Each structure stands twice: as structure tokens, then as C-alpha cells.
Amino acid sequence: MIHWLHQEDGYCEGWFESKFFCNDENSKKLNVYVKSPDLSECAEKCVEAFNNLTEPQINEICKGIMESVKEGGMDKEFECPAPEHALDILDSCWFTALYVNMLHKEDEIAYVVEGEGEWGEVIGFAVKNNKVIYVGVDYLDCMEEE
């Protein structure tokens, strides 16, 4: 599922095909990062979970993105879609990377996804144990530190 480009201690990078989200080139190819080759199995689990987000979870993410834009989007000219069309926000943003947020193989599946919007702001979301726990600009604050 993951095509590894680099696998060194402290830096592992690969890519995978997203089933739903697109990157800035409207491609389904997203990067994946993990801290150690020992956690490559965790990366596979995270990518599988990401590719199996449910429709309600995706809607929750889209609504969270819309709220984030309303709270602090840099481009005040940007117009959010109506709440009943939450998925339309995905026409104005893209995702580039999935960061594995697990330090040990025994940890619950956890990851952070990073992207950007046409309104000029980075955006991301965090998922832990199959629950969306955060959507907004401070997504990297959700990363576990050793």
C-alpha cells in the first residue's frame, strides 16, 4: 500500500494513493511520514484507516475546515460553501501528507493529515482510535512527542 522512498532512523518517507482526498495537483497521491522504519507497520495501519474514513467522519472534517476558515482564514474574500454542502470545501483545499502519530506498535491508530486551502492558510486534522479529534490550523499540536 505504501511505496517507501526513504527508510532511515528518524526519517521515513513514502507515498500512497488516497481513496478520497486529493493533493494540490488534483491527484490522489499523498505523502506519508513516520519516525522510524520499525513503525512502518503502524504507517500501513494509519493509511488503511485514513482510506476507510466514513462519510460522517469526512463530513465532520469538512465542517471543521469550514469553521476554521470562518474563524481565521487569511483571505477574507474567500466564501465558504453553505453548511449543507460541506463536501464542497474540498474543491478549495487539498491535502499533501499523513504523519503517523504513533510511537509504539501497541499504540492506538493515530495520524495527522496536513493540507492547505485557497484562502491562504494551512489546514489539517487529527484522528485517533478512529475518531476525528481535531480539525484546524494547529493540527501539529496533536502530534505525540517522545
When each of 19/63; 70/105; 45/70 is checked by Cα-Cα distance, pairs over 27 Å: 70/105; 45/70
Summing +1 per Lys or Arg and -1 per Asp or Glu among the other residues with Cβ less than 14 Å from residue 90's Cβ gives -4
Given that just one value was derived from the coordinates, which of (i) 18.3, 72; (ii) 14.9, 46; (iii) 22.0, 72 is Rg and Dmax of the Cα atoms in Å? (ii)
So, in nm, how far is label residue 52 from label residue 11 when the simple model puts each one 7 Å beyond its Cα toward the Cβ? 3.3 nm
First compute the accessible area of the chain with a 1.4 Å probe, then give the percent of it belonging to carbon and sulfur atoms. 45 percent
Give me the distance in nm between label points sitting 7 Å out from Cα along the Cα-to-Cβ direction at residue 118 and residue 82, one decimal. 1.8 nm
Tell me which residues come under 5 Å, amide H to amide H, from residue 97 once H is placed; ignore anything under 5 positions away on its chain. 31, 114
In whole Hz, what ³J(HN,Hα) sequence does the range 119-128 give by Karplus (6.51, -1.76, 1.60; θ = phi - 60°), x for Gly and Pro? 7, x, 9, 6, 8, x, 8, 10, 10, 9
By how many degrees, between 0 and 90 and to the nearest 10, does the Cα long axis of helix 55-72 differ from the longest principal axis of the chain? 60 degrees
Fully extended, how many nm does the chain gain between residue 67 and residue 140 (0.36 nm per residue separation, minus their Cα-Cα distance)? 24.5 nm
Ignoring ligands, DNA and RNA, what accessible area per residue does the chain give at 1.4 Å, in Å²? 55 Å²
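The values are calculated or read from the model by the stated rules, or taken from the named source; none is laboratory data. Values in this document were obtained by computation on a predicted structure and should not be read as measured data. Cβ atoms come from the backbone with ideal geometry, glycine included; neighbour counts cover every protein chain shown. Remember, those area values only see protein heavy atoms, side chains included, never the ligands or the DNA or RNA. Shrake-Rupley method; radii C 1.70, N 1.55, O 1.52, S 1.80 Å.
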